[in-house]
Every structure is written in C-alpha cells, then in structure tokens.
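*Asks:* This is the structure I want to talk about, given as structure tokens.
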Amino acid sequence: MDTAPKLPTLWNQLAESMYLKDSPTAEVKLSKHTSFSFGRFKSSEGLPEIARPIAGERGHIVALQLKAIPFIEQFFGNKKVSSGSYPIGGVSAIDLREEPAVLLPNPFDALVVYVTQAAVDEIAYAHRAPRVEQLVWPQGAFDPVVHHLGQTLLSSLDRPHHAPKIFLDHVLQAMNCHFVCSYGGLTVSAPQFRGGLSCLQMRRATELLEANLDGNIALQQVAEACELSVSHFARAFKQTFRRPPYKWLVERRVDRARDLMTNSRLPLADIAIQCGFADQSALNRSFKRIHGVTPGIWRRGTTRGRIGPGSSSGGNAGPYQELRS
C-alpha cells in the first residue's frame, strides 16, 4: 500500500531539476519498499548548469555523498551556503522551502533521503518536545551515523528482496530520530513513558507480524492497528518485548524454521523461503546469530538426539535440548 502518493512527484521534480531524466550518463534508483523515501542519484558527468529549485514542496532532503566531490556550490534562494569539496560521507541537509539549488560540475554519487515534516513532527511529539521547524547541519560535513545507516539503505537498493519493508522502516525511523536530535536540536531526556503495549495491542501487533513473516509490512500499518503513532508504537513494542519489531520478527522466523527442521524433511532452502527469509544464506546468518550454530549442524544434532542408537522417548535429547534452552 502506497501511503505517500506525493513522493514520486517529488523525485520526478528532483531528477528534472538536476537534468538527470533521460540522461544516458545518469542513474536514479528509488526504494519502492518504503514509498520512495530514499534513492540513489548517480551521474558519470557533472550537471550542465546550476540545478533549478524545487517549488511547492515541504520537508527536507538529506544527501549522503558516496563519492568524493572536488567542487560543489550550494544555494538557498540567491544565498550561497557552501562552496568547496565534499568528502565521501559528507552530508547536506536541505530544507525544500529554502528554494535549494546546486552547482555540481563533476561526477557524483549520492544517497538521498526524503524526510517529511510529518515524520519530524511525530518524533518531537513522541518526546513531548516543541515542534522542530528546521534541520541544520554544516553542509558537506561528515556524519558517522548517517554514513553507517546509509550503507544499509544503499545495499537494499541493490538487493531489494533481501531487505524487508519493516526492517527498512526501522532503519529510517532511527535515521529520522537522529536528524531531529542532532540536526533539529531536540534534547531527549529520559522518556516519561507510561508503559508498553496493552494486551489487545500485543495481540494485534503479533498477529499482523506473524501473518507477514517475510517482513513485507510497513511499520506504520502495524502501529495503526494498535492505534498508535509509529514512534509511540516502536518504543512501546520494545518496552514490552525487549527488542524492536524487526528483531522480534526474525526470532519468530527462526522459531518457525526450527520447528520445520524438527518435524519435516524439507530442504533448508525450502524452509528458508517458507519462513520468510530471502534465501538459505539469510536463514543461516540469522539462525547462527541466535543459536550459535548453522541450521545444518543443528538439524543433524537434533536428528541424532531423537533417533540415534540408544535413544528413547524419555532419553537425553542431546544438542536439541541444549540449544532450545
């Protein structure tokens, strides 16, 4: 379900303003999993002239440079706000109301995140803080948090089927919280939180998540089922289950895979798909992180413990019992 139908229009305007549409030297790749919340803009040549401002849009664009830029000039309206070189990992926070424009004569490669004002308002409200009107960051300065989280978003563009929607929502929520605190000046004190999810909310959330083991469900959809904002839901869920929704979901996938390995002879590749993993390698990584061994080793140990020589219905379950505890 596309919860933000206006976003593709924004990206079209941005591509047009930067002369990237229909350009044989340019590549624009957008994330459909997150309603076009981020994308990669890449060109083997610089822009032919100053990029035109985008009119009539609100919110912010945060650009992470994936390639060093020898020279760039950025403008807000007629005011030059930066000039010089940007390193790999350099970040720009751009308020769309400021009529941004850029002179970029060299090849570039950037991850661009669209931060809506609604997302900023929701985070401020969740922390019972004043509304954040502007995100401010020294143009082109390195930000280790955005650089780190940006690599996860970037890899999802190259391998979209390996990055579930709810996981990307989790990363974007963390990134937006960082923007509001570090760029918006919001001071987060110890949260005065009234508690976790109610019994009804727990049931609604877990039923929805278990019905979408592949993670192809928006965090907002689960939050709305609990009649909470995304920020409130994420915090309440973590307080209730001691882990964020995505990690909880991965553990349920592993539990399901463990049951299938115990009670069926399905190949591990088939089990991985049935449990919502992109492939067997993804199952292997998650299973080993939780249980300390690969699914193949665990399954062989379980089989020997159940039907091996000298075993009985009341006997020692061997590695199976040890790993389940």
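*Asks:* Is it the case that some residue within the stretch 183-204 is hydrophobic (A, V, I, L, M, F, W, C), under 27 Å from Ser37 (Cα atoms), part of a helix (DSSP H, G or I) and in contact with a helix residue (DSSP H, G or I) (Cβ under 7 Å, 6 or more places away or on another chain)?
*Replies:* So far as the stretch 183-204 goes, no, none of its residues is hydrophobic (A, V, I, L, M, F, W, C), under 27 Å from Ser37 (Cα atoms), part of a helix (DSSP H, G or I) and in contact with a helix residue (DSSP H, G or I) (Cβ under 7 Å, 6 or more places away or on another chain).
*Asks:* Looking only at the stretch 124-140, decide whether some residue is touching a residue at least 24 places away in the same chain (Cβ under 8 Å), crowded, with 16+ Cβ neighbours inside 10 Å and part of a helix (DSSP H, G or I).
*Replies:* yes
*Asks:* List the strands (runs of 3 or more DSSP E) that sit entirely inside the stretch 1-104 and contain at least 1 residues that are among the basic types (Lys, Arg).
*Replies:* Counting at least 1 such residues, we get 26-30, 38-43, 79-86.
*Asks:* Which one is surrounded by the most Cβ atoms within 10 Å (Cβ to Cβ) among residues in the stretch 70-90 that are aromatic (Phe, Trp, Tyr) and free of Cβ contacts under 8 Å to residues at least 40 places away in the same chain?
*Replies:* Phe75
*Asks:* Counting just the residues of the stretch 1-60 that are hydrophobic (A, V, I, L, M, F, W, C), at pLDDT 90 or above and closer than 22 Å to Ala218 by Cβ, which one comes out nearest to the chain's Cα centre (by Cα)?
*Replies:* Ranking the candidates gives Phe38 first.
*Asks:* Something else: What pairs come up if the first residue lies in the stretch 205-227 and is at positive phi, the second is of a type outside the set (Phe, Trp, Tyr) and outside any helix (DSSP H, G or I), and their beta carbons are under 8 Å apart, counting only those six or more places apart or on different chains?
*Replies:* Gly215/Pro164; Gly215/Gly276
This table checks each residue for (1) aliphatic (A, V, I, L, M); (2) under 26 Å from Arg97 (Cβ atoms).
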{"residue": "Leu111", "(1), (2)": "yes, yes"}
{"residue": "Thr116", "(1), (2)": "no, yes"}
{"residue": "Gly140", "(1), (2)": "no, yes"}
{"residue": "Leu154", "(1), (2)": "yes, no"}
{"residue": "Leu157", "(1), (2)": "yes, no"}
{"residue": "His161", "(1), (2)": "no, no"}
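*Asks:* In the stretch 106-118, how many residues are surrounded by 22 or more Cβ atoms within 10 Å (Cβ to Cβ) and part of a helix (DSSP H, G or I)?
*Replies:* 0
*Asks:* Another one. Given the conditions (1) under 13 Å from Trp137 (Cβ atoms); (2) without any contact (Cβ under 8 Å) to a residue 24 or more places away in the chain, and given that Gly56 satisfies all but one, which numbered condition is not satisfied?
*Replies:* Going through the list (1) under 13 Å from Trp137 (Cβ atoms); (2) without any contact (Cβ under 8 Å) to a residue 24 or more places away in the chain, Gly56 breaks only (1).
*Asks:* Count, please, the residues in the stretch 141-165 that happen to be surrounded by fewer than 17 Cβ atoms within 10 Å (Cβ to Cβ), in contact with a His (Cβ under 8 Å, 6 or more places away or on another chain) and either in a loop (DSSP other than H, G, I, E, B) or in contact (Cβ under 8 Å) with a residue 40 or more places away in the chain (or both).
*Replies:* 1
*Asks:* Ile94 is checked against (1) touching a Gly at 6+ places or on another chain (Cβ under 9 Å); (2) surrounded by 20 or more Cβ atoms within 10 Å (Cβ to Cβ); (3) free of Cβ contacts under 8 Å to residues at least 40 places away in the same chain and fails just one. What number does that condition carry?
*Replies:* All conditions pass for Ile94, except number (1).
*Asks:* Sticking with this one: Kindly provide the set of residues from the stretch 162-182 that are more than 9 Å from the chain's Cα centre (by Cα) and hydrophobic (A, V, I, L, M, F, W, C), ordered by number.
*Replies:* Those that are more than 9 Å from the chain's Cα centre (by Cα) and hydrophobic (A, V, I, L, M, F, W, C): Cys177, Phe179, Val180, Cys181.
*Asks:* Having 2 or more residues that are modelled with pLDDT of 90 or more and of a type outside the set (Ser, Thr, Tyr) is the bar; report the helices (runs of 4 or more DSSP H) wholly within the stretch 248-325 that clear it.
*Replies:* In the stretch 248-325, the matching helices (runs of 4 or more DSSP H) lie at 268-274, 280-291, 295-307.
*Asks:* From Leu103, Leu64, which residue is over 15 Å from Val180 (Cα atoms), of a type in the set (A, V, I, L, M, F, W, C) and buried (at least 21 other Cβ atoms within 10 Å of the Cβ)?
*Replies:* Leu64
*Asks:* I've got another one for you. Where residues in the stretch 41-52 are out of contact with any Ser or Thr (no Cβ under 8 Å at 6 or more places or on another chain) and farther than 12 Å from Leu14 by Cα, which of them is surrounded by the most Cβ atoms within 10 Å (Cβ to Cβ)?
*Replies:* Ranking the qualifying residues of the stretch 41-52, first place goes to Leu47.
*Asks:* Out of (1) of a type in the set (A, V, I, L, M); (2) within 27 Å of Gln220 (Cβ to Cβ); (3) in contact with a Ser or Thr (Cβ under 9 Å, 6 or more places away or on another chain), the odd one out for Ala68 is which?
*Replies:* Status for Ala68: all satisfied but (2).
The values are calculated or read from the model by the stated rules, or taken from the named source; none is laboratory data. Please read these numbers as outputs of a predicted model, since none were measured by experiment. Note: ideal-geometry Cβ built from the backbone for every residue, glycine included; neighbour counts use all protein chains shown.
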